[in-house]
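This report concerns only the one structure given below.
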Amino acid sequence: MNFKKHSGIYTLTTEQVLNISLEEAWEFFNAPENLQKITPPHMGFKITSEIDKKAYAGQIITYKVGILPGIKQNWVTEITQVKTNSFFIDEQRFGPYKMWHHEHWFYEQPDGKTVMKDKISYKIPFGILGHLAQQVFIKKQLTHIFNHRYLTLERIFNEQ
């Protein structure tokens with residue numbers, strides 16, 4: 001996991017090898033309802049929109065998520081791009097960030113396993129207070145979320 005800052009935007013990158021085929025990885029991550037399975041339970045993450053299809057460009061998904069203990073917020077994302085078995089991108093339309101752009105990339109390895117890479121670019125509201133919140137809280141929270149996700153995916157796909 002790596003964080004960088006550039007032009008007031010933070011970028012988090014992660015990578016994980018999954019012991020499943022590219023098609024199996026795509027099937028799991030292309031289903032928006034699986035996001036709840038890999039999000040820490042204490043966040044109370046819940047999809048509030050109807051999900052009747054796999055991810056597609058233009059799809060709007062609404063959530064409720066705990067951003068602070070006892071404080072839930074609505075979050076609206078749009079799937080802006082999808083290339084089957086390769087990548088998809090979701091972007092925040094309304095929510096806690098000033099900007100949120102999340103790229104999900106999938107690569108098949110010669111041994112049949114799949115490399116999953118995430119690149120999240122985000123901007124925090126509230127100027128200098130937002131940057132302070134990044135150092136004190138947001139970076140830790142995102143680290144916890146993606147560590148939980150990593151361990152959950154290890155348990156689901158790599159402990160066989």
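So the values come out like this:
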| item | result |
| --- | --- |
| Some residue of region 36-45 being under 14 Å from the mean Cα position of the chain (by Cα) and free of Cβ contacts under 8 Å to residues at least 60 places away in the same chain | yes |
| VAL82 part of a strand (DSSP E or B), without any contact (Cβ under 8 Å) to a residue 60 or more places away in the chain and among the aliphatic types (A, V, I, L, M) | yes |
| Residues that are of a type in the set (S, T, N, Q) and more than 28 Å from VAL115 (Cα to Cα), drawn from region 52-85 | GLN73, ASN74 |
| Region 129-160 - residue that is farther than 13 Å from THR39 by Cβ and of a type in the set (S, T, N, Q) and, of those, farthest from the chain's Cα centre (by Cα) | GLN160 |
| Output for region 85-138, where each listed residue is in contact (Cβ under 8 Å) with a residue 40 or more places away in the chain and either at positive phi or among the hydroxyl-bearing types (Ser, Thr, Tyr) (or both) | ASN85, TYR107, GLY112, THR114, SER121, TYR122 |
| Residue list for region 6-22, restricted to those being in contact (Cβ under 8 Å) with a residue 60 or more places away in the chain and either closer than 18 Å to ILE138 by Cβ or surrounded by fewer than 13 Cβ atoms within 10 Å (Cβ to Cβ) (or both) | GLY8, ILE9, TYR10, THR11, LEU12, THR13, THR14 |
| Selected residue [among the β-branched types (Val, Ile, Thr) and closer than 24 Å to PHE3 by Cβ] from VAL82, VAL65 | VAL65 |
| Single residue of region 85-132 satisfying the filter (hydrophobic (A, V, I, L, M, F, W, C) and part of a loop (DSSP other than H, G, I, E, B)) that is surrounded by the fewest Cβ atoms within 10 Å (Cβ to Cβ) | PHE126 |
| ILE67 part of a strand (DSSP E or B) and over 25 Å from GLU24 (Cα atoms) | yes |
| Residues within region 22-61 that are in contact with a Ser or Thr (Cβ under 6 Å, 6 or more places away or on another chain), under 18 Å from GLU91 (Cβ atoms) and part of a helix (DSSP H, G or I), tallied | 0 |
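A quick yes/no check of all residues on (1) closer than 19 Å to LEU68 by Cβ; (2) of a type in the set (Val, Ile, Thr); (3) in contact with a Leu (Cβ under 9 Å, 6 or more places away or on another chain):
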site	(1), (2), (3)
TYR97	yes, no, no
ASP111	no, no, no
TYR122	yes, no, yes
PHE137	yes, no, yes
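A short reminder: the numbers here are calculations on the coordinates, not readings from a lab. Here the structure is a predicted model, which is why all the values come from computation and not from measurement. Quick reminder, even Gly has a Cβ in these numbers, built from the backbone with ideal geometry, and neighbours come from all protein chains shown.
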